[in-house]
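Engineer: First the structure, which I've put down as structure tokens, then a few questions once you've had a look.
No value in this document is a laboratory result; all are computed from the given coordinates. Predicted model only: the values in this text are computed from it and were never measured. Please note: Cβ atoms are built from the backbone with ideal geometry, for glycine as well, and neighbour counts cover all protein chains shown.
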Amino acid sequence: MVGDDVNTDSIISSTRKRESLDPAVLKQFLFEHVDPGFAASVRSGDILVAGKNFGCGSAMEVAVTTVLGAGIPAVIAKSFSRTYYRNAINNGLLPLICDTSLIRDGDILVSDATGAIRNERSGETLRPEPLPEIMKAILSAGGLVPYMRKNGDFRL
Amino acid sequence: MAGRTISEKILARKSGQAVRAGDLVVCEVDCALGTDGSVPMALDYFEAMGGERVRDPSKLVFALDHYVPPTSAQTIGLHRIMREFACKHGVTLHGAGAGIGHQLIVETGRALPGGLVVGADSHAVTYGALNCFATGIGSSDLAAIMLCGRIWLRVPQTIRVVLTGQLSVGVFAKDIALALAGLLGADGAAYQALEFAGPGVATLALEDRLVLSNLAVEMGAKNGIFPADAETAAYLRGRTEQAYERITPDPDAHYNKTVEIALDQLAPQIALPHLVDQVVPLADASGTPIQMVYLGTCTGGRLRDFHQALEVLKAGGGVAPGVQLVVTPASREVRDAMAADGTLDALVGFGATVVEPGCGSCCGTCGVIPGDGVSVISTANRNFRGRMGNAKASIYLASPAACAAAATRGFVTDPNKVTR
């Protein structure tokens, strides 16, 4: 769990991407200046929970691929910076917008077929904002690379 | 039926359909910038997408600016990959030392009124000063543009920023931008456009407008757009042969919100570590000790900025003992102009370390970094912890004149106290 206005340099320092763009390398530096123990504590399949304006600052895409590289498939936040949101969709990282204020570290979140998310501990049900069709299409293709391989162009 | 904002009008032209805020559209891109910070990943995406040729290389610009000069085998390798690709596909590439990509887009007349210009770097919003829709994207979106020449965009709601009056002596464009960041907050304009308006616009030079558009992203804005006027036309004269049409908003356009800033009431501002929206009147931070002063970046590295800083440095008798002054011109054109009019010699005479044009110390990827525990005052746009390459430094953001004032005294002080 992280707070409000977490910038992409906090997610992964831009000095790190100078030496490598490989998520398998970069993942060990995930949130290194926020919480030095964070990277080692992540288990594959963990969900990242954030406050408002997650991923503000630089548009660098390693801030998304590093999160994915650590095995995190989704980020739930009160809001995202627009470049982080786009980059997430384009790489197949699921960005969910809903009120995260009652989620606690270690909570188990279960998503149902309607997209609603139930917090097993608190019983709270969250309903993330629905995604527009083009974003759904890119995500369901597995990201912008497979989407463009298939379509060669954008289709609305 | 309400009229349309500047952003709605431009995205309508670029998508070939009538649009309203909230619509999703696919648009033709007039120009796309990639840097050494974003292109290497974009080339990986492009290849993975099955890209063989660039749809329209004339609409693509590469700039080597984040790693200048390159100081490791890895960054030298990134530059080489970009040069080889640019050469093979006929893409314009500005080499290391030519300047910051955003500045080069503006200087070379690639950002024109009515256009859609994107950059794989968040500060691509800068070009909005020239009445074009300009926004930042990631490497994957750049790869898709290389492949198909297009991008999908959600037409943003618009916040109208009305500027009235005229700035007082010692108060500058950066102070307006910081005041606005303080007012709106780091996400106050998220997913939205900022549209500048009001009689105060005409009092701002094009270089001032670039500062306001540049900082728009620090409020979460998608773009920060100005109307075009005689000042815009004068700047573009000699920089482009291409015809362009000025885009004006309809008088009955719908705005999500209107905020007003009275320029004549504004005092110098400062952003405190470690958030851009943690803005207070500079007077409240007066006396804060400073050990490093940074003049440069796509916010504050233009000729006008260095003139403003130099005036204060001269009035204050130079740089105080124990203060390190680092200067990075935004481009070679800026540096040549500084050399021609004596600004460069004067700064060097005051002991400044002058770094090759580029992103410099701004994002910690090259240039001089601050030491542990050092307080820096900078003309840049971001003060996040670790931004300049050392998480143990603290960064304050202010106008070039306020940065210079701190250089002369060794602590934060109002530039007017130094010049008067």
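Engineer: Hey, got the average number of other protein chain Cβ atoms within 10 angstrom for residues in A:138-149?
Structural biologist: 4
Engineer: With only Lys, Arg, Asp and Glu charged, each at its Cβ (+1 for the first two, -1 for the last two), find how big the charge dipole of the range B:270-419 is about the Cα centre; round to the nearest 20 debye.
Structural biologist: Magnitude of the dipole: close to 240 debye.
Engineer: Next question. Run down the lysines and flag those whose C-alpha is under 23 Å from the C-alpha of B:Lys392, throwing out any fewer than 8 positions away in its chain.
Structural biologist: A:Lys17, A:Lys27
Engineer: Between B:Gln242 and A:Asp22, with labels modelled 7 Å along Cα→Cβ, what's the label distance in nm to one decimal, could you check?
Structural biologist: About 4.0 nm separates the two model spin labels.
Engineer: May I ask you to list the aspartates and glutamates whose Cα is less than 16 Å away from that of B:Lys314, ignoring any residue fewer than eight positions away on the same chain?
Structural biologist: Correct list for B:Lys314: B:Asp305, B:Asp341, B:Asp345, B:Asp414.
Engineer: Another question about this same structure. Taking the DSSP beta bridges in chain B as the whole, what percent of them are antiparallel, to the nearest 5?
Structural biologist: In chain B, DSSP labels about 20 percent of beta bridges as antiparallel.
Engineer: Between A:Arg155 and A:Leu102, what is 0.36 nm times their sequence separation minus the Cα-Cα distance? Round to one decimal in nm.
Structural biologist: The A:Arg155-A:Leu102 span can extend by a further 15.3 nm.
Engineer: Among B:Lys14, B:Lys59, what is the fewest-to-most ranking by other Cβ atoms within 10 Å?
Structural biologist: Least to most surrounded, the residues fall as B:Lys59, B:Lys14.
Engineer: Going through the range A:61-152, which GluC sites (Glu not before Pro) have at most 12 other Cβ atoms within 10 Å and a DSSP loop state?
Structural biologist: When the GluC sites (Glu not before Pro) of the range A:61-152 are filtered for loop state and at most 12 Cβ neighbours within 10 Å, A:Glu120 remain.
Engineer: Something else about it: I'd like the distance separating the alpha-carbon centroids of the range B:176-242 and the range A:1-74, in whole Å.
Structural biologist: With the range B:176-242 and the range A:1-74 each reduced to a Cα centre, they are spaced 31 Å.
Engineer: What do you get when you divide the Cα radius of gyration of the protein assembly as shown by 2.2 N^0.38 Å, with N the number of residues?
Structural biologist: Output field value: 0.92.
Engineer: Can you pull out the trypsin sites (Lys or Arg not before Pro) in the range A:4-64 that DSSP calls coil and that have at most 11 other Cβ atoms within 10 Å? Kindly include the intermediate steps, with their values, before the conclusion.
Structural biologist: Working: sites: A:Arg16, A:Lys17, A:Arg18, A:Lys27, A:Arg43, A:Lys52; in loops: A:Arg16, A:Lys17, A:Arg18, A:Arg43, A:Lys52.
Sites meeting the loop and neighbour criteria: A:Arg43.
Engineer: For the range B:200-247, what is the charge dipole size about the Cα centre, in debye to the nearest 20, if Lys and Arg each add +1 at the Cβ and Asp and Glu each add -1 at the Cβ?
Structural biologist: Working: 5 positive and 7 negative charges, 19 e Å.
Dipole size: approximately 80 debye.
Engineer: A further question on this structure: Which pairs in the list A:Lys78/B:Lys417; A:Lys136/B:Lys9; B:Lys88/B:Lys174 are over 32 Å apart, alpha-carbon to alpha-carbon?
Structural biologist: A:Lys78/B:Lys417; B:Lys88/B:Lys174, as the Cα separations exceed 32 Å there.
Engineer: Quickly rank B:205-212, B:250-257 as a protection proxy: mean count of other C-beta atoms within 10 Å, highest first.
Structural biologist: With the highest mean Cβ count within 10 Å placed first, the list reads B:205-212, B:250-257.
Engineer: Here is a further query. Checking understanding here: applying a Kyte-Doolittle mean of at least -1.0 and a length along the axis of at least 15 Å (C-alpha), which whole DSSP H helices in chain B pass?
Structural biologist: Numbers: long enough: B:73-89 (24 Å, -0.22); B:173-184 (17 Å, 1.59); B:303-315 (18 Å, -0.01).
Within chain B the helices that satisfy the rule are B:73-89, B:173-184, B:303-315.
Engineer: Right, another one. Taking amide H positions as placed in the peptide plane 1.01 Å from N, state which residues far from B:Gly200 in sequence (5 or more) or on other chains have amide H under 5 Å from it.
Structural biologist: B:Leu163, B:Thr164, B:Gly165
Engineer: Let me ask something else about it. What are the radius of gyration and Dmax of the range A:8-127, computed over its Cα atoms and given in Å?
Structural biologist: Computed over the Cα atoms of the range A:8-127, radius of gyration and Dmax are 14.1, 44 Å.
Engineer: Moving on. I need the shape label for the range B:8-262. Rule: rounded when a/c is under 1.5, else prolate if a/b > b/c, else oblate, with a, b, c from the alpha carbon gyration tensor.
Structural biologist: Details: a/c = 1.83, a/b = 1.49, b/c = 1.23.
In terms of gyration-tensor shape, prolate.
Engineer: Distance in nm between label sites at B:Lys392 and A:Asp35, each 7 Å beyond Cα in the beta-carbon direction?
Structural biologist: Roughly 2.4 nm, to one decimal.
Engineer: Next question, about the same structure. Simple spin-label model, 7 Å along Cα-to-Cβ: B:Ala48 to B:Glu311 in nm?
Structural biologist: Label at B:Ala48, label at B:Glu311, 5.1 nm between them.
Engineer: Taking beta carbons within 10 Å but only from partner chains, what does the mean come to for residues B:117-129? List each step's numbers first, then the result.
Structural biologist: On the way: counts 0, 0, 1, 4, 4, 10, 2, 2, 0, 0, 0, 0, 0.
So the per-residue partner count for this stretch is 2.
Engineer: What average count of beta carbons from other chains do you get within 10 Å of the Cβ of residues in A:83-95? Mind showing how you got there, number by number?
Structural biologist: Working: counts 12, 2, 2, 10, 5, 1, 3, 8, 4, 0, 0, 0, 0.
Taking the mean over all residues of the peptide, I get 4.
Engineer: Additional query: Taking the Cα centre of the protein assembly as shown as the origin and placing charges on Cβ (Lys, Arg +1; Asp, Glu -1), which of B:Gly101, A:Ser122, B:Leu183 is farthest toward the positive end of the dipole?
Structural biologist: B:Gly101
Engineer: Within 10 Å of each candidate Cβ there may be at most 11 other Cβ atoms; applying that plus a DSSP loop requirement, which GluC sites (Glu not before Pro) in the range B:31-107 survive?
Structural biologist: Answer by residue number: B:Glu52.
Engineer: Same structure, new question: How much FRET efficiency would the formula 1/(1 + (r/R0)^6) give for B:Leu183 and B:Ala18, where r is the Cβ-Cβ distance and R0 is 30 Å, rounded to 0.05?
Structural biologist: 0.40
Engineer: Further, regarding this structure: Let a ≥ b ≥ c be the square roots of the eigenvalues of the Cα gyration tensor of the range B:270-419; is it rounded (a/c under 1.5), or, if not, prolate (a/b larger than b/c) or oblate? Let's see the in-between values first.
Structural biologist: Details: a/c = 1.61, a/b = 1.17, b/c = 1.37.
Cα axes put the range B:270-419 in the oblate bin.
Engineer: Could you pull out which residues in the range A:88-104 have an amide N less than 16 Å from a spot 7 Å beyond the Cα of A:Ser111, following the Cα-Cβ vector?
Structural biologist: A:88-100
Engineer: So between B:Asp372 and B:Thr203, what do we pick up on full extension, going 0.36 nm a residue minus the alpha carbon distance?
Structural biologist: 56.7 nm
Engineer: Could you give the dipole magnitude of the protein assembly as shown about its Cα centre, charging the beta-carbon of Lys and Arg +1 and that of Asp and Glu -1, in debye to the nearest 20? Mind dumping the intermediate values first?
Structural biologist: Details: 51 positive and 57 negative charges, 107 e Å.
In total the dipole reaches around 520 debye.
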